[in-house]
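Structure record follows, encoded as structure tokens.
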Amino acid sequence: MKKPKLSFWQIWNLSFGFLGVQIGYSLQNGNTSRILEALGADVHSIGYFWLAAPLAGLIVQPIIGLSSDKTWTRLGRRIPFIFFGAIVSALAMFFMPNAEYFTYLLPPLIFGAVMLLLMDTSFNVTMQPFRALVGDMVNDEQKNLGYSLQSALINFGAVFGSLLPWILAKAGVANVPAAGEKVAASVIWSFYIGGAILLITVLWTAFRTKEYAPKEHAQYNDIDLESKTVTEKTSIFKLIANAPKIFWQLGIVQFFSWFALFLMWVYTTRAIANQVWGAEALDPKSIGFNEAGDWTGVMFAFYSGIAALFSLLIPSIAKSIGRKKTYSFSLVMGGIGLASMYFVHDKSILLLSISGVGLAWAAILAMPYAMLSGSLPADKMGVYMGLFNATITIPQIAAGLLGSTIIALFGGFPMAIIVIAGVSMLIAGLAVFFVKESISTAK
């Protein structure tokens, strides 16, 4: 039995909560290095703190995927994980920028790192089921639309989340820490607002989406429930061994894509602070450094805005020239954009460079999932989406471990890392041509 065709607003509701999750995730990406430096972290070691995020994802997402595949409640199978993950995410967002006020528990830098781990773990608990939810609910004909709309919502959220500290600073909220404090009020209030929106949007998805019951889901995906015993257990290692070839081919593309993104997220603030603001930005509590931090948010918002618009065009472009060419072109443009930042010393022109990343980001959020989901057995969609997340987390772990070595090799020159990120993105674009799309009928 074929899955029914969903209306635009039904597909919208499936992913609306991701809007809020991405606001929180963008605040984390744009401000974590800024917060950690303010709490005392050194630029040479800051990449190690960021390892908390991908390590959490590597462990958590396959577990959540496997669990949600076998879960059914009155709320559904994916939505309970989305809902409870959002609550923990929001709490961690409220605490992290206030780490300096919890010295009676832990030193501020350690408390901040713990909150980063908790926040990103819960983001991962929330994000993975959103991917599987689209795979569960949307038919093959609408999958490009489903994942592209999800990508657009993610990027609209990223625009707002990335711009929020800058908006608050323009509105008169203090952009530098008050005397005796470590984190600017504009950053603290951004995390409060982001956490509140995250909860509201996830509640919208939770109460406006009705997942298919187990019997319906089985009928739509040709699953024989009678042949599946309650005691059936699936080995993660067996699932990995039996993964379709496209899983591994896309994994190579993902590795170089996410290696690049991680380096960009971690080092952009310090790279542009040194290159554009110079000596006045050396102190992480200085006006220059905090202006560079705000401009990083503006840049990330700009590329997210480009990505949001491009996401809406991806279905028609992919239909015209194919998924692979669309995906490859986008990644190549991202690589060129990152590498070009080496030659830019004007903050406004940096927006032109980062626009290429917007094209890449839109494709990264949509194309691999659209290409992969049709090759996955429907009754294992969640766990395979969770396992596929390793192609995101492993390159980030590699980038975090190598970042300090790379920056030392280039004499503490952070912009060199941004160029390496660009080269990595270019390699990802070329690797797309080795991907062979196929549809598996295995259940």
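Identify the single condition in (1) over 14 Å from residue 151 (Cβ atoms); (2) at pLDDT 90 or above; (3) among the hydroxyl-bearing types (Ser, Thr, Tyr); (4) in a helix (DSSP H, G or I) that residue 327 does not satisfy, given that it satisfies every other one.
(1)
Look through 346, 283 and report the one residue that is under 30 Å from residue 184 (Cα atoms), surrounded by fewer than 24 Cβ atoms within 10 Å (Cβ to Cβ), free of Cβ contacts under 8 Å to residues at least 24 places away in the same chain and charged (D, E, K, R).
Values: 346 fails: free of Cβ contacts under 8 Å to residues at least 24 places away in the same chain.
Of 346, 283, the one residue that is under 30 Å from residue 184 (Cα atoms), surrounded by fewer than 24 Cβ atoms within 10 Å (Cβ to Cβ), free of Cβ contacts under 8 Å to residues at least 24 places away in the same chain and charged (D, E, K, R) is 283.
Mind telling me which of the residues 375, 311 ends up being part of a helix (DSSP H, G or I), more than 22 Å from residue 34 (Cα to Cα) and not aliphatic (A, V, I, L, M)? Don't jump to the end; show me each part of the working.
Numbers: 375 fails: part of a helix (DSSP H, G or I).
The conditions single out 311.
With respect to residue 167, determine if the residue is assigned to a helix (DSSP H, G or I), free of Cβ contacts under 8 Å to residues at least 12 places away in the same chain and at negative phi.
Working: assigned to a helix (DSSP H, G or I): yes; free of Cβ contacts under 8 Å to residues at least 12 places away in the same chain: yes; at negative phi: yes.
When the stated conditions are applied, residue 167 passes them.
Please note which helices (runs of 4 or more DSSP H) are completely contained in segment 48-141 and include at least 2 residues that are touching a Lys or Arg at 6+ places or on another chain (Cβ under 7 Å) and hydrophobic (A, V, I, L, M, F, W, C).
Details: elements: 52-69, 79-95, 108-137.
It comes to 108-137.
Confirm whether residue 362 is over 22 Å from the mean Cα position of the chain (by Cα), closer than 20 Å to residue 337 by Cα and among the small types (Gly, Ala, Ser). First the steps, then the outcome.
Details: over 22 Å from the mean Cα position of the chain (by Cα): no; closer than 20 Å to residue 337 by Cα: yes; among the small types (Gly, Ala, Ser): yes.
Answer is no for this residue.
May I ask you to verify whether residue 269 is modelled with pLDDT under 90 and assigned to a helix (DSSP H, G or I)?
Numbers: modelled with pLDDT under 90: yes; assigned to a helix (DSSP H, G or I): yes.
It is true that residue 269 is modelled with pLDDT under 90 and assigned to a helix (DSSP H, G or I).
Which residues, taken from segment 9-43, are more than 26 Å from residue 175 (Cβ to Cβ) and either among the small types (Gly, Ala, Ser) or in a loop (DSSP other than H, G, I, E, B) (or both)?
15, 17, listed by residue number.
On the basis of being without any contact (Cβ under 8 Å) to a residue 24 or more places away in the chain and outside any helix (DSSP H, G or I), does residue 6 make the cut? Steps first, answer last, please.
Working: without any contact (Cβ under 8 Å) to a residue 24 or more places away in the chain: no; outside any helix (DSSP H, G or I): yes.
Answer is no for this residue.
Among the residues of segment 350-390, write down those that are surrounded by fewer than 22 Cβ atoms within 10 Å (Cβ to Cβ), touching a Pro at 6+ places or on another chain (Cβ under 8 Å) and of a type outside the set (A, V, I, L, M, F, W, C).
Across segment 350-390, the qualifying residue is only 375.
Any residue in segment 240-254 that's over 13 Å from residue 385 (Cα atoms): show its pairings with residues that are crowded, with 20+ Cβ neighbours inside 10 Å and small (Gly, Ala, Ser) at Cβ separation under 7 Å, as long as the two are six or more apart or on different chains.
252/431; 253/428; 253/431
Report, ordered by the first and then the second residue, all pairs with beta carbons closer than 8 Å, sequence separation of six or more or different chains, a first member in segment 411-434 that is assigned to a loop (DSSP other than H, G, I, E, B), and a second member that is buried (at least 19 other Cβ atoms within 10 Å of the Cβ).
412/43; 413/274; 413/407
May I ask you to list the residues in segment 241-252 that are farther than 30 Å from residue 1 by Cβ and either modelled with pLDDT under 80 or touching a Gly at 6+ places or on another chain (Cβ under 8 Å) (or both)?
Within segment 241-252, the subset farther than 30 Å from residue 1 by Cβ is 241, 248-249, 251-252.
Of everything in segment 241-252, just one residue is farther than 30 Å from residue 1 by Cβ and either modelled with pLDDT under 80 or touching a Gly at 6+ places or on another chain (Cβ under 8 Å) (or both), namely 241.
The values are calculated or read from the model by the stated rules, or taken from the named source; none is laboratory data. Since the model is a prediction, treat every value here as computed from it, not as a measurement. Reconstructed Cβ throughout: ideal geometry from the backbone, glycine too, with neighbour counts over all protein chains shown.
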